[in-house]
């Protein structure tokens, strides 16, 4: 079907005008396509990860190596979604990276006139979530291909985010994430 702006319009769920590269804590929820149970199951109020769930877990932890201004906080992989708190650290936006324009024979041949600088772009929530979704999808797809199976789409489009504005909100959200397996039967994502 051809794009029709009267029918095909997407309403952004992001806070209008908010800078999502701003230092702070963000509560993130990423759901599997059609809320399919892909990552394991809840048994006796504990999340039991399967192979795909282990990938989702490990790749969340590995994000710290990818983003220097990112910190891990509380997170939980659930059967068909994941919750996490992303903390973006305050970075100097004027930070630059030097790159030489010439190959030097030895260290003494490089002078400051031959250096170029580039701005380091701040990390946004979308950068972190996009990288995570992509890496997890690719790693899970490898498992499916080994088994000669079709995976289909792993994640639903987009993600949910909430800006954590104070300590009380942080405590409530952290407790929600930690206790999510205990309350799985009541969870709005439980299908």
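Those residues that are under 23 Å from residue 52 (Cβ atoms) and in a helix (DSSP H, G or I), I need them from segment 138-170; list them, please. Listed by number, the residues that qualify are 138, 139, 140, 141, 142, 143, 144, 145, 146.
When each of 42, 48, 85 is tested for being part of a strand (DSSP E or B) and free of Cβ contacts under 8 Å to residues at least 12 places away in the same chain, the lone residue that passes is 48. Would you be able to say whether some residue in segment 118-129 is over 19 Å from the mean Cα position of the chain (by Cα) and either within 21 Å of residue 31 (Cβ to Cβ) or not in a loop (DSSP other than H, G, I, E, B) (or both)? Yes: one or more hits. Looking across segment 142-191, just one residue is without any contact (Cβ under 8 Å) to a residue 24 or more places away in the chain and within 18 Å of the chain's Cα centre (by Cα), and that is 157.
If you go through segment 142-170 and pick out every residue that is surrounded by 10 or more Cβ atoms within 10 Å (Cβ to Cβ) and within 11 Å of residue 31 (Cβ to Cβ), you end up with 6. Just one residue in the set 2, 16, 46, 41 is more than 18 Å from the chain's Cα centre (by Cα), closer than 20 Å to residue 155 by Cα and either surrounded by 10 or more Cβ atoms within 10 Å (Cβ to Cβ) or modelled with pLDDT under 90 (or both); that residue is 41. Restricting attention to segment 51-79, the residues being farther than 25 Å from residue 169 by Cβ and part of a loop (DSSP other than H, G, I, E, B) number 2. Of all residues in segment 171-191, those being exposed (fewer than 15 other Cβ atoms within 10 Å of the Cβ) and part of a loop (DSSP other than H, G, I, E, B) number 2. Would it be correct to say that residue 139 is crowded, with 16+ Cβ neighbours inside 10 Å, farther than 17 Å from residue 76 by Cβ and under 17 Å from the mean Cα position of the chain (by Cα)? Spelling it out, residue 139 is indeed crowded, with 16+ Cβ neighbours inside 10 Å, farther than 17 Å from residue 76 by Cβ and under 17 Å from the mean Cα position of the chain (by Cα).
The values are calculated or read from the model by the stated rules, or taken from the named source; none is laboratory data. All of these numbers come straight from a predicted model, not from anything done at the bench. Note that we place each Cβ from the backbone using ideal geometry, even for glycine, and neighbour counts take in every protein chain shown.
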